[in-house]
Structure formats: structure tokens, C-alpha cells
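These notes concern the structure reproduced below.
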Amino acid sequence: QYNTYLFTNKSVELIQNHDQSKPFFLYLAYTAPHIPHEVPENEVEKYASHILVNKRKKYAAMVSVLDRGVGKVADALAQSGMMDNTIIVFTSDNGAYYKSVGSNYPLRGGKSSFFEGGVRGVSFVYSSLLRKSGYTNTNLHHVTDWYATFQKLAGDKPEDHSKPQLPIDGVDIWGSISDGLSCRDEILYELRDPSKRLDSSGHKGLKNARKYPISLKTLDLKFRKGDSRDAQDFFVIRWKNWKLLTGTGLEIQGWSPENGSSEYRNFVSYQGGMHPRSLVSGTFLFDLSTDIREEHNVADEYSDIVARLLDKRQSYLDKVKLVEERNYSKKGMANGVWKPWVEL
């Protein structure tokens, strides 16, 4: 059975069978519309008359099944009498792949890049508990903020536990969502520094090297030598309306066409729909308040902003621990599936 159907049906079952005298938390992580682009044929047929490209038809059908599934979950909450005391958060982890079946228009870039098309997620929050609703929130939020927000809403207090809570990067953003108040003005997108990477044969980590095809006969614990990412040393940060990308090995991408469905056929020459990497070195500064498409690099014009943001790098670097990276390992595989093997 199609897994989007399965995830929806199981979620509805959990809601219907929930003991409402107890709290309820559901993390529903659909795999759609991620690759592989697979969906029942009867769902694809709905788009046969007005979408010409087959992969686009499948993509649209996957999104439709996902959308319908979310509706069934919402209906189950309403029918169970739980909706009035529930908060629904729908969010994506990243933008669509650049030059593939999705579109991030009018934003630049896509998944795996640090341009807005890759890092800006689409989200909505629905709840009768919201003090302000029916508006578009443009405040700065990060995915790590959801944990801190849910923890506060659930009434959990770290000081009430026997063990101290480890430091977290997220902040409580309920005031932003419910009242439109700003809760943060800075996000570190990524900081890569070769001095923080180790090469070892010990079983202390697992790295997805994206190296296909994989030979199980020869595969073992090996650091991926010669990877273009070995030379990556960059810093990407957002502060208020400013976004800085600086260093070596930055991935540069362009813009999705306005009409993605008709112009998609120009992109299919890339294997698997993926774009080739274009890694460059340099410094890029964008003012997102006036240039959401990230078309104009104003690093030279606002050198004082560049300097101010660069000053933040060391404080972040001081918090970074040494990271041990390696390729896939036979030791970490069980029944054809790789999994963490580190003993905590």
C-alpha cells in the first residue's frame, strides 16, 4: 500500500483511540513529495489533461495525496472533539530541488543551497489557541525553535527533571506565532571549518556520502577522500534583513522559472533531475528586505555589515565540537538498512 495512505490511516487510528485524559503528541513525517516520485496511477490520471510532463504529473499527484491526508487527520481531530485544544503545525524541511520537478519561484536556488529557495520553509499553524490568526508571519524562525516552543506550551520545565537539560539552539516562538512579536533576529545556517573534521576508523559516527552505486562486498569504514566538500570552509548567517555567505566551497544556484510546469522539460538533462554542483569561493551579502530574489551582491557597498557579521564567526566556532566523518559501514548495516551503531 502507498505509504502516504498508510501514514494517514495510522495517524487517524491513533487519534480515534487516544485516551483524552492524557496529553497527545503526533509527529507525522510524510515522505511525499520526496524522491522517488511514486504514486498510484489513479492519482496521476487526475492531472493527465493539463500537465504534459510525466514527472510533474506524479509530483502533483503526490502533493494532492499528502494534502488529502492532512485533511483526514484534521477531520479526525474534529470528530474526536480534540481540535479546540490542539495546535497543528504543518512545515517543510527545505525548498524543492533546483532544476527538478518542484519550483521555488520567485526565490533563488533550492535544496542543498543556502539561498532562500533552499532554506526558506513553507509553514502554517492552526489552532483556536492563537490570539492572532489569518495573517502572514514574516518574523525569523528556525526549525530548532519548535522543540523549545512545544516544551513551553506543554508546561514542561527543565528544572523539574532529575537530569539537567542539554543546551538547545531553539527559542520559544509562540509569542511570534500567536501575537506577531519578534523572538529572534539571527540564524546560523552553517559553519564549516576543516579543523573541526577528523578522519578515523573508529565506530563513532555515520556519514551519508551519497556515493552510488554501493558495493557491499568492498564497503567498509572509509573516509571519503577527494570529496569536493573536503575543501569547504565557509560561514553562512542571517542577521535581521542581512544574509552573508562567505568562504570556500559555497554552492551557487540560479532561479526557478516562473512557469515551472511548462519549462521543466529544459531541466531533464540532469541525471535524476538533480543539478550539478557549482562550488565557488567569495563573499556574498544580500539585503532580503529589498532583494528577496538574492540578485544583488552588496558586500562591497556594505563592508561594515560584512565585518559585523564576520565578527560573529569566532563565537560560533568556539562552540563547535570535533566532528568525525566517514563513509557508510557494513558494521552499521542490518538487514540492508544502515542505522546508528554508537552506544550512548
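Observations
- Qualifying positions in region 157-198 - in a helix (DSSP H, G or I), touching a helix residue (DSSP H, G or I) at 6+ places or on another chain (Cβ under 9 Å) and touching a residue at least 40 places away in the same chain (Cβ under 8 Å): 177, 196
- Test: residue in region 268-287 that is within 22 Å of residue 97 (Cβ to Cβ), open to solvent by 30 Å² or more (accessible area, probe 1.4 Å), at pLDDT 85 or above and of a type in the set (Phe, Trp, Tyr): yes
- Residue in region 7-50 that is surrounded by the most Cβ atoms within 10 Å (Cβ to Cβ), counting only those that are of a type in the set (A, V, I, L, M) and not in a helix (DSSP H, G or I): 39
- Cβ separations smaller than 9 Å between residues 6+ apart or across chains give the following pairs from region 43-59 residues that are at pLDDT below 90 to residues that are open to solvent by 100 Å² or more (accessible area, probe 1.4 Å) and not aliphatic (A, V, I, L, M): 52/265; 53/265.
- So residue 315, is it open to solvent by less than 100 Å² (accessible area, probe 1.4 Å), out of contact with any Gly (no Cβ under 8 Å at 6 or more places or on another chain), closer than 30 Å to residue 167 by Cβ and modelled with pLDDT of 85 or more: yes
- Subset tally (residues that are more than 18 Å from residue 112 (Cα to Cα) and either at pLDDT below 50 or open to solvent by 60 Å² or more (accessible area, probe 1.4 Å) (or both)) for region 248-267: 8
- Tabulated pairs, region 64-75, first in contact (Cβ under 8 Å) with a residue 12 or more places away in the chain and among the polar types (S, T, N, Q), second open to solvent by less than 20 Å² (accessible area, probe 1.4 Å) and in a helix (DSSP H, G or I), C-beta under 8 angstrom, 6+ apart or interchain: 64/43
The values are calculated or read from the model by the stated rules, or taken from the named source; none is laboratory data. Since we're looking at a predicted model, the values are computed, not measured. A quick note on method: Cβ atoms are made from the backbone with ideal geometry, for glycine too, and the neighbour counts reach across all protein chains shown. Just the protein is used for accessible areas: all its heavy atoms, side chains included, with ligands, DNA and RNA removed. Shrake-Rupley method; radii C 1.70, N 1.55, O 1.52, S 1.80 Å.
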